[in-house]
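Participant: Right, I'll just put the structure down here and ask away after.
The values are calculated or read from the model by the stated rules, or taken from the named source; none is laboratory data. Keep in mind it's a predicted model, so treat the numbers as computed, not measured. When we count neighbours, we look across all protein chains shown, and the Cβ atoms used for this are built from the backbone with ideal geometry, even at glycine. We work out accessible area using only protein heavy atoms, side chains counted, and drop any ligands, DNA or RNA first. Shrake-Rupley method; radii C 1.70, N 1.55, O 1.52, S 1.80 Å.
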Amino acid sequence: MQSRTRGWVTALQLLRQTARLGPGAADLPEEIFVRTESEIFDYFSEEVLSAEGAQMRDFLLGSAPPAVIDPDLCAEVLGRKDIGEVLAALVKRSLFLSPLESRGEYYAYDPLFRDFLKRKLRGDRGVAGTRDLDLRYGKAFARRGDFAQALAHFIAADDPGRVLGLLERHGRSLLRAGMIGPVREGAHFLETLDGGGPVVDDLLGEACRLAGDYAAAVGHFERALQSGDSPGTPALPGLDRAGTLQGLAYSLLKTGDAAHAARLAEEALRMAGPDDPGLLARILNTLSIIRYRENRLREAIEGWQEALARARQAGDHHVTLMIAHNLGLPHAVAGDLLRAAECFRILTGPDNPRLGPEEGAAYLNLARIATLRGEHAQAAAHLGDAREIAHKWRLQSLTADVLEAEGILLRETGDLQGASGRFAQARALLTELGLLDLLDRLTEEEAILAARRGETELAERLAAAVIASRRAAGDAEGTASALQALGEIRLRASRHEAALAPLEEAAGLFETLGRSYQLCLAHLFFALACHRLDRRERAGRAASAALELSARFDYVAAVLRVADLDDGFRRFLATLSGSPSDLRVPAAEQAAPAGAVSPIPPEGADLYVRLLGPIEVSRTPGRVIPASAWKTATAPPRIGSWTRCGKTRGCR
């Protein structure tokens, strides 16, 4: 029997159920075992269902619409008081019903059995009867505040009025709670009927923005704002219009139109007025991100401080945490990595139970800082968290950023082939999303990778192309970063004299911009070039300046990374005042940092389950996910270039 069912456990359960129907039953037809699983399931399920009494059949069909059975809600919809006893009996009989351990007294049918029951429901009660049942479930879920489930049932009931009403009242809060899928389904349902209107376009714009599809978000937000221009189409009211302007401003910023984004954010601020401090906090936060991107750091900090006060006034705990996280961005670009990390950890601490897009950005920012500090295992762990959030929410932009950061980490730990693969995936995704302005940053990382692989001519061509592109765009920081990359590439190719000019220019730009970490690296690379050219005085001045920055901000990992390129230079640095004690230990005798080898596992399964002994679940082998992490509530209550690790993300 095991070989005939190919080990399909559910099929064996079905055989057991049909075997209980009574003696003298005819042998099972041989052709049953060559059908598909769903066909086999239907064959046996008909036998099982027909053997049940009328009341049990009625319960099985009536409880099929929701994916998870809540006994109290089920009793309310079906008008029965014996639901608990019926469910307990079904579980005892192993009739394709299982209790959910993480959800208390909740239950769920085997997926194939539930599909079968839903088909039988439509067949027995017709379209009208099925829609009426979904409508009752929708109303019951709505009364309990589970608006995502209510929305799904209203769609199944083909009730556009209730779908629109629910989206108007709760669409934005559902998106903030991570329910992108249900909101999109509801919006697309309305689009197919009458085009949807401004509310639908606004929600689709916000859903696309959350997912990182900023070009599509711009289109939806613009259509929402244009409503009311033609006869018969209602216009968005004032506060809603201000919120839409804020979403459009952020999306335009991400597509590279910072000037237009700033104008729209200012307009949203004027339109919002003083009556909604929560909306004011979000608009001020977006405007501060724009100022931050424009390197107007003092104005950005002032804006975030005002936004923080407004968020507290509104009692919005999550927005308060999000803005406190963003206050770490100026510290990050200024090179105070430890202080920046303190701010970023605000969103990942125990005070915040959410795991949404903002938390994904925080984990990514923490991973980038850990990479810069040589904490590779910690960086890999944070990237794993960011990747999981991106996967759960289907956040393509965050996924592209994680892929790039993983490529950098793999490159820095010696896995050049793995780094190349991650960079290729990031490039494909950024291109698909239309975020072409971010490709120069990725090309710079690929140039460094090519130099590590000994492909110096390719590396120099790539870096030169980025320098030309960033100069043409008037991007001083991007130009400086690419110049530093070119200097490093020429050092690795033993073109020490040719490395001096780009490194000296990069250092000047970084000093003007106030970028301490990059300035430290530029001084170190310049000092290395001078050391190899036997220009000890210039090497000493540059190295001393770098060591002073290292001592102030704890850039030991950066000093060691450059020192490891040349043993003589390492010994030279060790003689200077302020040099870290690690320089006095020969590189060959130093222990490899934790996680230095393959900190990121190869792509494979999403989860690993250990079934022998105590059951353990892990995202990567050896990293067990605690049982508490699997508990699910019924309704669960983005920044400029600053390092070689790409761009930090500010939370909108």
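Participant: Please list T192, T431, T456, T443 in order of solvent-accessible area, largest first, computed with a 1.4 Å probe with all protein chains present.
Facilitator: Working: T192 110, T431 75, T456 45, T443 20 Å².
Result, largest first: T192, T431, T456, T443.
Participant: Still on this structure: Could you give the accessible area per residue of region 255-313, probe 1.4 Å, as a whole number in Å²? The partial results should precede the final answer.
Facilitator: Working: 2780 Å² over 59 residues.
So region 255-313 comes to 47 Å² accessible per residue, rounded to a whole number.
Participant: Rank these residues by their accessible area, most exposed first, probe 1.4 Å: R169, R538.
Facilitator: On the way: R169 165, R538 80 Å².
In descending accessible area the options line up as R169, R538.
Participant: Express the accessible area of region 425-545 per residue in Å², computed with a 1.4 Å probe while the remaining protein chains stay in the model.
Facilitator: 39
Participant: What is the local net charge at A215, summed over the other residues whose Cβ is closer than 13 Å to its Cβ (Lys, Arg +1; Asp, Glu -1)? Could the numbers behind the result be given before it?
Facilitator: Details: positive: R209, K254; negative: D213, E222, D257, E432, D437.
Once positives and negatives cancel, what remains is -3.
Participant: If Lys and Arg each add +1 and Asp and Glu each add -1, what is the summed charge of the other residues whose beta carbon sits under 10 Å from the beta carbon of A224? All intermediate terms of the calculation are to be shown ahead of the outcome.
Facilitator: On the way: positive: R223, R241; negative: D201, D202, E206, E222, D240.
Result for the neighbourhood of A224: -3.
Participant: Taking a 1.4 Å probe, which of F569, F526 shows the most accessible area, and what order do the others take after it? Write down the numbers at each step before the final one.
Facilitator: Numbers: F569 0, F526 20 Å².
Most to least solvent-accessible, the answer reads F526, F569.
Participant: Of Y137, L117, V86, which is farthest along the charge dipole of region 62-139 in the positive direction, counting Lys and Arg as +1 and Asp and Glu as -1 at C-beta?
Facilitator: The residue sitting most towards the positive pole is L117.
Participant: Round to a whole number: what % of the accessible area of region 241-305 belongs to carbon and sulfur, probe 1.4 Å?
Facilitator: Values: 1130 of 2420 Å².
So the carbon and sulfur contribution to the accessible surface is 47 percent.
Participant: Just to confirm, what accessible area per residue do you get for region 72-191 at 1.4 Å probe, in whole Å²?
Facilitator: For region 72-191, the solvent-accessible area averages 48 Å² per residue.
Participant: A further question on this structure: Using the Cα centre as the reference, give the magnitude of the dipole from point charges on the C-beta atoms of region 144-221 (Lys, Arg: +1; Asp, Glu: -1; all else neutral), rounded to the nearest 20 debye. Kindly include the intermediate steps, with their values, before the conclusion.
Facilitator: On the way: 7 positive and 11 negative charges, 68 e Å.
Here the size comes out at about 320 debye.
Participant: Let me ask you something else. Using only alpha carbon pairs under 8 Å that are at least six residues apart, calculate the relative contact order of region 116-259 and give it in whole percent.
Facilitator: Details: 162 pairs, mean separation 20.8, N = 144.
In percent, rounded to a whole number, it is 14.
Participant: Hey, another quick one. If I compute solvent accessible area with a 1.4 Å probe over the protein chains, what percent of it on region 85-137 is carbon and sulfur? Write down the numbers at each step before the final one.
Facilitator: Working: 1440 of 2810 Å².
Reported share for carbon and sulfur atoms: 51 percent.
Participant: I've got another one for you. S50: accessible area at probe 1.4 Å, nearest 10 Å²?
Facilitator: That residue has around 80 Å² of solvent-accessible surface.
Participant: Using a 1.4 angstrom probe and counting only protein chains, how large is the accessible area of H523 in Å², to 10?
Facilitator: 40
Participant: Another one. For K120, which aspartates and glutamates qualify as cross-link partners when the Cα separation must be under 18 Å and same-chain residues fewer than eight apart are set aside?
Facilitator: Reachable aspartates and glutamates: E37, E39, D42, E46, E47, E52, D58, D110, D132, D134.
Participant: Heavy atoms only, probe 1.4 Å: what % of the accessible area of region 311-408 goes to carbon and sulfur, would you let me know? Don't skip to the answer; put the middle values down first.
Facilitator: Working: 1670 of 3310 Å².
The nonpolar share, carbon plus sulfur, comes to 51 percent.
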